[in-house]
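Colleague: Mind having a look at this structure? Questions to follow.
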Amino acid sequence: MPKKHSVNNNNHHKHISLQKELRKNDFRISIFGSARVKSGNKIYKDTFKLAKEIAKHGFDIVTGGGPGLMEAANKGHEEGDINDILDSIGLKIELPWENKINPYVEIKKTFKRFSERLDNFMKLSCAVVIMPGGVGTCLEFFYTWQLVQVHHICPIPVILVGEMWKKLIEWARKYPLKNGFINEEEFGQIYLAKDVEDAIKIIIKTYKVFKKEGENYCTNIKKYKLN
């Protein structure tokens, strides 16, 4: 049975600081996507399903903490976490038109600057899923890709879900790659997932490596650090 939830229940939030969470070596999936997608939309339902499956496999999630696909992810994760043992983290950006953190976030933190918020995403993430979105989602995708490219973070998978990303990668190959601005090897951690099931398979494969390597996971790359 899904967990009962009340949007007015302030006890839903776990009183854990983000700094304490950062010190834990948990396996976490960041989910990025549009804040404008409504609950009846197929993309919302797909994001909910993805997050629910992530919880069923015992993994934490990190989102932007706002409405739309962020809400879908936190809500789906809550339903999948039937024993209430996982963490659903929301890193909210302070905007004049988007003030509230969605009620399904358990560990929350609000930032005034996108750069600081993205730094915390990178520190927390073991894999990143990019659902459809606009300028902010594109920023999150390219920021992750660049840090993987320059070895500032572990070579985590960047999983793109949706037709719009296929066209973007085609553009990257047609122009930046063809003109020598990037190398073929730099596409190595970019995965085009045709659906949620495809994305889950990539996440599980990544977790197996994470679990096997333990403390040695990604020791060959300087871990991304916060100031």
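Colleague: Quick one: Ile82 ticks every box in (1) modelled with pLDDT of 95 or more; (2) more than 20 Å from Val196 (Cβ to Cβ); (3) out of contact with any helix residue (DSSP H, G or I) (no Cβ under 7 Å at 6 or more places or on another chain); (4) not in a helix (DSSP H, G or I) except a single one, so which number is it?
Modeller: So Ile82 meets the others, but not (2).
Colleague: Take the range 67-86 and flag every residue that is under 13 Å from the mean Cα position of the chain (by Cα) and either free of Cβ contacts under 8 Å to residues at least 40 places away in the same chain or closer than 10 Å to Val105 by Cα (or both).
Modeller: Met70, Glu71, Ala72, Ala73, Asn74, His77
Colleague: Test Glu78 against the stated conditions and say whether it is under 17 Å from Gly134 (Cβ atoms) and buried (at least 23 other Cβ atoms within 10 Å of the Cβ).
Modeller: For Glu78, the condition - under 17 Å from Gly134 (Cβ atoms) and buried (at least 23 other Cβ atoms within 10 Å of the Cβ) - is not met.
Colleague: Considering only residues that are more than 14 Å from Ser30 (Cα to Cα) and either of a type in the set (S, T, N, Q) or in contact with a Leu (Cβ under 6 Å, 6 or more places away or on another chain) (or both), which ones fall in the range 125-152?
Modeller: Gln146, Gln149
Colleague: Yes or no: the range 135-144 includes at least one residue that is surrounded by 14 or more Cβ atoms within 10 Å (Cβ to Cβ), modelled with pLDDT of 95 or more and more than 18 Å from Asn120 (Cα to Cα).
Modeller: No, the range 135-144 has no match at all.
The values are calculated or read from the model by the stated rules, or taken from the named source; none is laboratory data. Fair warning: this is a prediction, and the values are worked out from it, not measured in the lab. Quick reminder, even Gly has a Cβ in these numbers, built from the backbone with ideal geometry, and neighbours come from all protein chains shown.
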